[in-house]
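The values are calculated or read from the model by the stated rules, or taken from the named source; none is laboratory data. Fair warning: this is a prediction, and the values are worked out from it, not measured in the lab. No Cβ is skipped: glycine too gets one built from the backbone with ideal geometry, and neighbour counts run over all protein chains shown.
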Amino acid sequence: MEAQDARTPLLGLDLPGLQAWCAQIGEKPFRATQLYRWIHQRGVADFAQMSDLAQSLRSRLPDIAVVAPLPVISEQASTDGTIKWLFDVGGGDAVEAVYIPEDDRATLCVSSQAGCAVGCRFCSTGYQGFSRNLSSAEIVAQLWWAEHHLRQRLGRPGERIISNVVMMGMGEPLQNYSALVPALRTMLSDHGYGLSRRRVTVSTSGVVPMMDRLGQDCPTALAVSLHAPNDALRDDLVPLNRKYPLAELMAACRRYLEFAPRDFITFEYCMLDGVNDSEAHARELLDAIRMPDLPHGRLPCKFNLIPFNPFTQSGLRRSPRERVLAFAQVLQDTGLVTTVRKTRGDDIDAACGQLAGEVQDRTRVHLRWQEPVPKTLQPEVSR
């Protein structure tokens, strides 16, 4: 068995955590700020290069601490500029992160777990099952690598590359809450990556208690994986709905808006042929977000319609484009901002719902996927 490194992984400490650690080793708080800047702003992992630290501290640090990048197993580049990295997190597990450059921003999609236990029917990550939560250090290491590796590759030293982070990679972030929050705080810190709360998005399938806690502890932009307009359908598409049904989820979204950096919730909606994509489904969505006592009589939100990225085991198909546009029109006609996500990186399996990595499943998820497809998820044309 491989010996475990007893040194403290500094990538996993937010600034207050690093200050507390420095106090434990007899160092003043300003040393933590210096360390934090070297690690996150400059991307330096070698303590010997941290020139404004006292020599005595630089000599001690290699024995008690480490800035440990995740080993890169592979890198794939799409024809549209998207880059996907597969990172080794040990124990036979590997996770993926995706860099998506656009004209006005550059987004990094970050994983929070090795696999996912939610088991959404349309998601290839869920098909792989669940192994374990990532640590704060493993979450931040994905951003650390992407930011500083791309600075070197693009010849832009000292210039910020990643402008947006979305916690939409492998896993359900709010089921790894204790590791998620320190990682978010490092992304947001002016001494770390300095990202705006509006530009860091946590995506959730609807873990209601943790949505409430996030609003109190570290509010960021929030995206809710909705995918269905009623409980009967969502129970089969997003099994977590059986624990936190739509009425509870919508109430949690309303509470979150009191603390959110944006004045709306984004609803992600994967378009599945003959399953959830009719104009009647769109009208049901309008009922689901209705809140008569609020302005406009509904929850402030926008919809992001996502073309399904098929994989064989799902038994599902992508909605035709004309049906997606008709669905969007029903929402837009009521004044709701509704976008159709542009598929990026699908030639390297880096698009939404395609991240799979390598997972030592501990949940026996394959047995559940061998069960017949529920009638609610069978395309209407075949019923």
**Sole exception among (1) surrounded by fewer than 17 Cβ atoms within 10 Å (Cβ to Cβ); (2) touching a strand residue (DSSP E or B) at 6+ places or on another chain (Cβ under 8 Å); (3) touching a residue at least 12 places away in the same chain (Cβ under 8 Å); (4) under 25 Å from Ala97 (Cβ atoms) for Thr79, by number** = (2)
**Prompt:** For residues in the stretch 26-70 being assigned to a loop (DSSP other than H, G, I, E, B) and of a type in the set (Lys, Arg), which is surrounded by the most Cβ atoms within 10 Å (Cβ to Cβ)?
**Reply:** Arg42
**Message:** Suppose the filter is in contact (Cβ under 8 Å) with a residue 24 or more places away in the chain and either farther than 19 Å from Arg213 by Cα or basic (Lys, Arg) (or both); does Met250 pass it?
**Reply:** no
**Request:** Any chance you could count how many residues in the stretch 171-209 are hydrophobic (A, V, I, L, M, F, W, C) and part of a helix (DSSP H, G or I)?
**Result:** 9
**Scan of the stretch 137-167 for residues that are in a loop (DSSP other than H, G, I, E, B) and at pLDDT 95 or above, ordered by number** = Ile161, Ile162, Ser163
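Table: residues versus (1) modelled with pLDDT under 65; (2) closer than 20 Å to Val118 by Cα; (3) in contact with a Pro (Cβ under 6 Å, 6 or more places away or on another chain).
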site	(1), (2), (3)
Leu286	no, no, no
Gly315	no, yes, no
Phe327	no, no, no
Val330	no, no, no
Asp347	yes, no, no
Ala356	yes, yes, no
Gln360	no, yes, no
Ser382	yes, no, no
**Fill in**
Filtering the stretch 285-315 for residues that are surrounded by 19 or more Cβ atoms within 10 Å (Cβ to Cβ), of a type in the set (A, V, I, L, M, F, W, C), in contact with a Gly (Cβ under 9 Å, 6 or more places away or on another chain) and in a loop (DSSP other than H, G, I, E, B) leaves a count of 1
**Message:** Can you tell me which condition Gln332 does not meet? The list is (1) within 18 Å of Ser225 (Cα to Cα); (2) in contact with a Ser or Thr (Cβ under 8 Å, 6 or more places away or on another chain), and all the others hold.
**Reply:** (1)
**Complete:** For Thr220, the lone unmet condition from (1) under 22 Å from Thr339 (Cα atoms); (2) at pLDDT below 95; (3) under 16 Å from the mean Cα position of the chain (by Cα) is (2)
**Item:** Qualifying positions in the stretch 107-159 - of a type in the set (Gly, Ala, Ser) and over 26 Å from Ser314 (Cα atoms)
**Value:** Ser135, Ser136, Ala137, Ala141, Ala146, Gly155, Gly158
**Complete:** If we ask which residues in the stretch 71-96 are farther than 25 Å from Met271 by Cβ and either assigned to a strand (DSSP E or B) or in contact with a His (Cβ under 7 Å, 6 or more places away or on another chain) (or both), their number turns out to be 16
**Asked** Which ones in the stretch 164-180 are in contact with a helix residue (DSSP H, G or I) (Cβ under 6 Å, 6 or more places away or on another chain) and farther than 12 Å from Val202 by Cβ?
**Response** Asn164, Met170, Ala179
**Prompt:** Given the conditions (1) touching a strand residue (DSSP E or B) at 6+ places or on another chain (Cβ under 9 Å); (2) farther than 30 Å from Cys218 by Cα, and given that Val89 satisfies all but one, which numbered condition is not satisfied?
**Reply:** (2)
**the stretch 250-296, residues that are under 21 Å from the mean Cα position of the chain (by Cα) and within 20 Å of Phe122 (Cα to Cα)** = Thr266, Phe267, Glu268, Tyr269, Cys270, Met271
**Complete:** Going through the stretch 210-263 in order, the residues found to be over 16 Å from Leu174 (Cα atoms), among the hydrophobic types (A, V, I, L, M, F, W, C) and part of a helix (DSSP H, G or I) are Ala232, Leu233, Leu237, Leu246, Ala247, Met250, Ala251
